[in-house]
Amino acid sequence: MKRAPAWLLLVACALGACAKPPPMLSGGPFSEVSVLDAQARDLTGQRVRWGGSIVATTPEKDETCFEIVSRPLDREARPRRTDESDGRFLACAQGFFDPAVYAAGREATVVGTLETTTVGKIGEYDYRYPRVAAEHVFLWPKREPVEAYYVYGPWPDGFWYPLWGPWPYR
């Protein structure tokens, strides 16, 4: 098996280190407050950058509110694909955002200032939503599945096995 030249690995690492958030999401500093912290105590006025998966988009007269299941953010400020979550939060931004575009399941990152918590319902459960007055709501492009390639090889027992399996997502 051939080994990749060292310079190729160095270039790949250097390009990976260049990952940074889109300009509208990088205007810090941001408080290291989690959704759980904001539910537990009054942190009104803290500037946060939170993200996750949209559950619902509700346009109102002058603003649009997003209910979002929080997820940890990666180096680009994109929500990571994980089951890890600190809970849900509401992000409300001025203007109209189309619920067909900002649809359930889409990933979004929000920059804004914490307001007082809002009590709502999830099913029959009373839930305390931290509310963010959103300055920016960044909708991430859908993740496209990566095509799977199988490489088969003959093994001593006469059967063919895949050497590696499909990776469904980037």
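The numbers here are math on the coordinates, done by the rules we state, and not lab data. Just so it is clear, the structure is predicted and the values come from calculations on it, not from any experiment. Cβ: placed from backbone, ideal geometry, glycine included. Neighbour counts: every protein chain shown.
Here is the list for segment 33-102: trypsin sites (Lys or Arg not before Pro) lying in DSSP coil, each with at most 10 other C-beta atoms within 10 angstrom of its C-beta, are Arg41, Lys61. Estimated from the Cβ-Cβ distance and a Förster radius of 30 angstrom, the FRET efficiency linking Glu124 and Asp37 is about 0.70.
When Lys and Arg each count +1 and Asp and Glu each count -1, what net charge do the other residues less than 15 Å away from Gly95, Cβ to Cβ, add up to? Neighbour charge sum, excluding Gly95 itself: -4.
Contour minus end-to-end for Thr44 and Gln94, with contour as 0.36 nm per residue of separation and end-to-end as the Cα-Cα distance?
Computed gain between Thr44 and Gln94 is 16.1 nm.
Between Lys142 and Glu76, the simple label model (points 7 Å from Cα in the Cβ direction) yields a spacing of 1.7 nm.
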